[in-house]
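J.: Structure in structure tokens, see below.
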Amino acid sequence: MTDQVILQIEGVTKRFGGLVAVNQVSFEIREGEILGLIGPNGAGKTTLFNVINGVYAPDEGRVIFRGEVISGLPSYEVARKGIARAHQVVRPLNELTVLENVVVGAAYGRRNLPLGEAARVADEVLEFVGLAPKRHLLAGKLNVAEKKRLEMARALAAQPYLILLDEVLAGLNPGEVAAMLDVVRQIRERGITILMIEHLMHAVMNVSDRIVVLDYGSKIAMGTPQEVANDPKVIEAYLGDPKMAQHLLEEQGENEEGGADGHS
Amino acid sequence: MKRLKAPALWTILAAVAVAGIWPLLNRSATLREDMFLILMFVTLASSLNILLGYTGYVNFGHIVFFGLGGYIGFYLISQQGWHLIPAALAAALVTTLLAALMGGAVLRLRGAYFALATLGINEATRAFVTNFKPFGEATGLSLHFSRYQEYGGPASALWFTYALLVIVTLVTLLVSYLVKTSKFGLGLMAIREDEDAAMVLGIHAPRAKTIAFALSAFFPAIVGTLFFFKNGNIEPGDAFRLHMSIEGIVMIMLGGFGTVTGPVIGSAVYERLRGYLLTTPLFKDLQLFFAGMLLLIIILFVPSGFIGWLRERSARLREVLQ
Ligand SMILES: Nc1ncnc2c1ncn2[C@@H]1O[C@H](COP(=O)(O)OP(=O)(O)O)[C@@H](O)[C@H]1O
Ligand SMILES: [Mg+2]
């Protein structure tokens with residue numbers, strides 16, 4: 001990790017009608033860092049991702065990536081600048097093969113590669129996430145865990161500077177979670193900065209350098225996993241009952257699937 | 001260019017070339033007329049497939065490119081004294097340009113809204129042409145008999161036009177294949193599967209869709225010019241037949257949308273079927289009813305069409321059959 005700031009979120013607000021989904025949120029991510037973004041369902045985490053990667057323009061504030069304002073740019077331009085994303089609700093290109101899905105990521109990602117080179121990158125990434133044996137299968141035919149890996153593979157194939165991971169562990173069994181966490185750590189080894197939304201508390205505490213907590217659209221805490229875990233505001237936000245929350249945190253809830261988050 | 005060496009491409013091109021050249025060797029005018037219709041539909045269906053099959057946008061107004069191109073080409077030939085070939089090319093360029101302008105606006109719509117808008121484009125263009133003086137308003141334009149002299153008389157003009165159509169069909173199929181196997185084509189297919197996800201992956205969807213729409217207009221405009229030149233006259237009712245758009249969709253669905261081969265097989269089968277229905281008194285007035293029923297059956301039972309069905313059998317077939 002360096003001290004170089006790669007992404008700056010400055011006072012970002014996003015409303016849906018009367019609902020303030022993201023409220024005056026500011027924080028920054030340093031190059032090479034793994035930053036965890038947590039908060040209860042509906043806290044505005046996914047919406048913040050949508051603002052960062054250009055699906056929505058913020059109503060207020062701005063997003064600066066590698067020294068350049070990117071808020072307001074369409075998502076395809078943000079992708080070219082070097083931000084890739086794995087969606088919470090998987091979005092495989094169903095009638096294309098697994099390989100073709102990943103080739104799209106590589107060909108249209110940051111490096112804008114021709115097909116031949118994109119295929120080489122895709123092969124390597126498929127190997128890396130363990131989907132290589134399924135490369136010729138139609139993406140629609142994969143199971144949920146595999147589709148999550150495909151999301152990840154497609155994003156990685158773009159060879160981004162920053163990758164946004166939206167609950168890539170949700171709905172996975174403990175074995176799959178461990179494997180996925182391994183992948184996340186290796187992504188960082190490759191020098192890619194990671195911003196990850198995660199419900200699975202022990203996992204995100206374990207893997208993140210720092211954590212930002214959102215509640216009702218606002219940032220309520222930021223710090224090391226230790227600091228955040230002991231912050232009464234955070235505990236309260238999670239369960240409304242400080243003792244209960246503390247208890248659950250200590251349990252390092254394996255059962256906390258976090259897959260209950262039905263919307264995106 | 002590895003993809004130019006694909007056997008699938010050369011098989012389909014060779015098959016169409018042989019079928020297309022057959023009437024030329026044989027010198028049979030009936031055979032030529034039959035083949036003219038089939039090749040015309042192969043071109044219409046294959047070009048529509050670039051938008052419908054690759055990009056996933058259902059265009060009910062595809063025939064507008066045929067009609068508009070036909071009018072522009074016919075106007076250049078009959079009123080400006082142009083030769084068929086430059087007239088057809090100019091018609092194609094102008095139509096493509098207009099399509100790019102229209103596409104930029106109308107492709108913001110998705111799904112049913114886009115489909116409805118394309119119906120609107122066809123009807124609006126027909127209404128415009130019907131009131132446009134240079135295009136002869138409601139009565140249209142016709143070609144003086146003597147204009148065929150330039151091509152060695154009416155009979156050889158027909159053969160010449162037919163030979164051009166064979167070439168245009170082959171080029172259309174080649175372009176369809178090159179688009180499908182290119183990075184651009186992969187982007188189109190990503191848009192078809194999930195447009196928002198495609199954009200997040202870095203695909204400039206508005207631009208890609210507009211290019212696909214414009215490209216799908218090029219070949220129908222050439223074919224329109226050839227068809228009406230052969231006909232000797234053009235009028236709004238013949239140029240903008242909505243049911244030809246619908247039949248084009250049936251052909252694509254029958255053969256397999258999103259594949260290069262599908263529209264060829266679909267056009268040939270459908271055209272034969274239609275020929276049969278038209279000459280059978282019982283079915284004569286029911287051909288559109290049959291087109292509709294056929295479409296329904298395909299969508300319900302073989303939604304990926306004949307070639308699509310084959311491709312689903314194995315990964316190997318999927319690779320070989322394009
Ligand atoms: N497109 C949308 N239109 C309206 N409301 C939305 C939209 N997307 C999200 N929301 C609302 O914004 C709030 C934040 O949602 P989201 O960002 O998905 O939360 P999280 O990812 O933290 O669970 C929720 O109340 C959600 O219902
Ligand atoms: Mg979410």
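The values are calculated or read from the model by the stated rules, or taken from the named source; none is laboratory data. Since we're looking at a predicted model, the values are computed, not measured. A quick note on method: Cβ atoms are made from the backbone with ideal geometry, for glycine too, and the neighbour counts reach across all protein chains shown. Keep in mind that these areas ignore ligands, DNA and RNA; they rest on the heavy atoms of the full protein, side chains included. Shrake-Rupley method; radii C 1.70, N 1.55, O 1.52, S 1.80 Å.
J.: Quick check: the angle from helix A:242-251's long axis to the longest principal axis of chain A, C-alpha only, nearest 10 degrees?
T.: Taking Cα atoms only, the helix is inclined about 40 degrees.
J.: May I pose another question? Where the centroid of each part is defined by its Cα atoms, how far is the stretch A:11-30 from the stretch B:179-245 in Å?
T.: With the stretch A:11-30 and the stretch B:179-245 each reduced to a Cα centre, they are spaced 41 Å.
J.: Here's something else I'd like to know. With +1 assigned to the C-beta of every Lys and Arg and -1 to the C-beta of every Asp and Glu, and no other charges, what is the dipole magnitude of chain B about the Cα centre in debye, to the nearest 20?
T.: That gives chain B a dipole magnitude of about 740 debye.
J.: If you don't mind, there's one more thing I want to ask. Which net charge results when you count Lys and Arg as +1 and Asp and Glu as -1 among the other residues whose beta-carbon is under 15 Å from that of A:K147?
T.: Result for the neighbourhood of A:K147: -1.
J.: For the stretch B:1-160, what are the per-bin percents of Cα-Cα distances with bins 5 Å wide, up to the bin holding the maximum?
T.: Going from the shortest bin to the longest, the percentages are 2, 7, 12, 16, 17, 17, 14, 10, 5, 2, 0.
J.: State in Å² the accessible area per residue of chain A; use a 1.4 Å probe, count heavy atoms of protein chains only, and round to the nearest integer.
T.: 41 Å²
J.: Same structure again: Counting each DSSP H run of 4 or more residues in chain B as -39500 (n - 2.57), what helix-only mean residue ellipticity at 222 nm follows after dividing by all residues, to the nearest 500 deg cm²/dmol?
T.: That comes out to -24000 deg cm²/dmol.
J.: At 0.692 mPa s and 37 °C, plugging the Kirkwood radius over alpha-carbon pairs of the protein assembly as shown into Stokes-Einstein gives what diffusion coefficient in µm²/s?
T.: Translational D for this selection: 124 µm²/s.
J.: How big is the stretch B:189-245 on each of its three principal axes, counting only the C-alpha atoms and giving the largest first in Å?
T.: The principal-axis extents, from largest down, are 50, 20, 14 Å.
J.: Which of A:V104, A:L142, A:A119 sits closest to the plus end of the dipole of the stretch A:103-142, meaning its Cα is farthest towards the positive end, when Lys and Arg get +1 and Asp and Glu get -1 on the C-beta?
T.: So the residue we want is A:L142.
J.: Still on this structure, please answer the following. In the Gaussian network model of chain B, springs joining C-alpha atoms below 10 Å, which of B:F114, B:F227, B:F257 carries the largest mean-square fluctuation?
T.: Result: B:F114 has the largest fluctuation of those listed.
J.: In whole angstrom, and with the biggest value first, how far do the Cα coordinates of the stretch A:88-159 range along each principal axis?
T.: Over the stretch A:88-159, Cα extents along the principal axes are 29, 24, 22 Å.
J.: Report the Rg/Rh value for chain A, based on alpha-carbon coordinates and the Kirkwood definition of Rh.
T.: 0.96
J.: Right, something else. Carbon and sulfur together cover what percent of the accessible area of the protein assembly as shown at a 1.4 Å probe radius?
T.: 61 percent
J.: Could you rank A:Y161, A:Y216, B:Y270 by how accessible they are, 1.4 Å probe, largest area first?
T.: In descending accessible area the options line up as A:Y216, A:Y161, B:Y270.
J.: Can you quote the Å³ per residue value for the convex hull of the Cα atoms in the stretch A:193-239, rounded to an integer?
T.: Looking at the stretch A:193-239, the number lands at 79 Å³ per residue.
J.: Computed on alpha carbon atoms, what radius of gyration and Dmax characterise the stretch B:142-234, expressed in Å?
T.: In order Rg, Dmax, the Cα atoms of the stretch B:142-234 give 19.0, 59 Å.
J.: Under a GNM of chain B (C-alpha, springs under 10 Å), which listed residue has the highest mean-square fluctuation: B:G53, B:G308, B:G111?
T.: Among B:G53, B:G308, B:G111, the largest GNM mean-square fluctuation belongs to B:G111.
J.: Give the average over all directions of the projected area of the C-alpha convex hull of the stretch B:182-322, one decimal, in nm².
T.: For the stretch B:182-322, the mean projected area of the Cα convex hull comes to 10.9 nm².
J.: Any idea how far the Cα center of the stretch B:270-305 sits from the one of the stretch B:45-112, in Å?
T.: 26 Å
J.: Two-decimal Rg/Rh of the stretch B:2-320 from alpha-carbon positions, Kirkwood Rh?
T.: Taking Rh as the inverse mean 1/r over Cα pairs, Rg/Rh reads 0.96.
J.: Going by alpha carbons, how many degrees (0 to 90, nearest 10) lie between the helix axis of B:154-180 and the longest principal axis of chain B?
T.: 20 degrees
J.: Could you tell me the total accessible area buried at the A-B interface, probe 1.4 Å, in square angstrom to the nearest hundred?
T.: 2200 Å²
J.: Mind putting a number on the dipole of the stretch B:84-238 about its Cα centre? Charges go on the C-beta only, +1 for Lys and Arg and -1 for Asp and Glu, and I need it in Debye to the nearest 20.
T.: The calculation lands at about 240 debye.
J.: Shifting gears a bit: Angle check, please: helix A:144-157 long axis (alpha carbons) against the longest principal axis of chain A (alpha carbons), in degrees 0 to 90, nearest 10.
T.: The two axes meet at around 70 degrees.
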